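Remarks on the structure that follows.
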Amino acid sequence: MSPNKKIPSIDIVWFKRDLRTLDHKSLEIVAKSSNPVLFIYLFEPSVMDYPDYDTRHLRFIHESLIDIERKLRSYSLKLYLLKCEAIVFFEEISKKYEINRVLSYQEIGNKLTFERDKDLFKFFKKNNIIWIQHKTNGIIRGLKSRKDWKKEWVDEMKSKVSLSDLNLIDKTEIDVPKKIKFFSLKKNNDKNFQPGGETFAWMYMNSFLKKDTKVTQKTSVAQFIVESHAVGFHLI
């Protein structure tokens with residue numbers, strides 16, 4: 001790149017365990033911004049090789065991402081599925097673009113992802129990159145006391161649902177550095193498991209509420225358990 005040419009500035013939405021498009025604070029923020037946006041999910045080899053990772057996790061995550069990819073594509077937006085360690089990706093992308101903000105949800109994972117996020121926090125701070133991390137499921141990190149935990153949790157649960165107009169997001173296409181590999185997975189659906197993705201999640205929720213279990217105020221707890229057994233596992 002010519003030394004006189006200005007490096008483009010971008011925002012990055014990093015999908016982690018927040019595999020949805022509805023009630024998504026990162027999407028709400030970028031929809032209100034005029035910055036070009038790069039949407040990514042990182043299949044990190046170290047995470048995939050960790051003892052607590054299984055093929056069923058990979059399948060569910062991939063199916064969920066395909067659902068998101070389909071939704072974003074309908075708005076002329078692109079989701080990149082990449083196979084790369086997080087620190088390597090951000091080092092490479094920061095050579096090509098000026099990263100204004102990285103938006104993600106806090107990851108409540110394992111020691112490996114916790115240490116990775118601490119390393120990234122240092123990298124972002126050193127490179128003047130703003131990292132916006134939203135709370136996950138009302139979990140409050142770094143509490144030294146549980147004194148006000150209940151109030152904080154209730155406030156979070158009562159907070160407004162994030163609404164995003166995906167039409168408003170900047171459509172500028174952003175290229176990923178050539179050193180970064182794309183992730184691919186052959187379709188290997190297993191009929192014994194619930195498919196991943198927002199579309200199926202809503203289908204199962206509606207089925208549970210409107211069709212599969214007919215619960216009334218007179219329904220006993222035991223009866224509810226029996227009647228909901230066939231579909232209840234979908235909501236866990």
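Laboratory data are not the source of any read-out in this text; all were calculated from the coordinates shown. These numbers come from a predicted model, not from an experiment. Positions of Cβ are generated from backbone atoms using ideal geometry, with glycine treated the same way; all protein chains shown enter the neighbour counts.
Annotations for the structure displayed:
The rows are residues; the columns are (1) within 15 Å of ILE10 (Cα to Cα); (2) free of Cβ contacts under 8 Å to residues at least 40 places away in the same chain; (3) not aromatic (Phe, Trp, Tyr).
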{"position": "LEU38", "(1), (2), (3)": "yes, no, yes"}
{"position": "SER46", "(1), (2), (3)": "no, no, yes"}
{"position": "LEU65", "(1), (2), (3)": "no, no, yes"}
{"position": "LYS71", "(1), (2), (3)": "no, no, yes"}
{"position": "GLU91", "(1), (2), (3)": "yes, yes, yes"}
{"position": "TYR97", "(1), (2), (3)": "yes, no, no"}
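- Candidate set from segment 55-85 (those that are of a type in the set (A, V, I, L, M, F, W, C) and over 16 Å from ALA201 (Cβ atoms)); member that is surrounded by the fewest Cβ atoms within 10 Å (Cβ to Cβ): LEU58
- Within segment 5-43, considering residues that are over 14 Å from the mean Cα position of the chain (by Cα) and of a type in the set (Ser, Thr, Tyr), the one surrounded by the fewest Cβ atoms within 10 Å (Cβ to Cβ): SER34
- Subset of segment 144-192 (residues that are free of Cβ contacts under 8 Å to residues at least 24 places away in the same chain, outside any loop (DSSP other than H, G, I, E, B) and surrounded by 11 or more Cβ atoms within 10 Å (Cβ to Cβ)): TRP149, GLU152, TRP153, VAL154, ASP155, GLU156
- Residue in segment 53-62 that is under 18 Å from the mean Cα position of the chain (by Cα) and polar (S, T, N, Q) present: no
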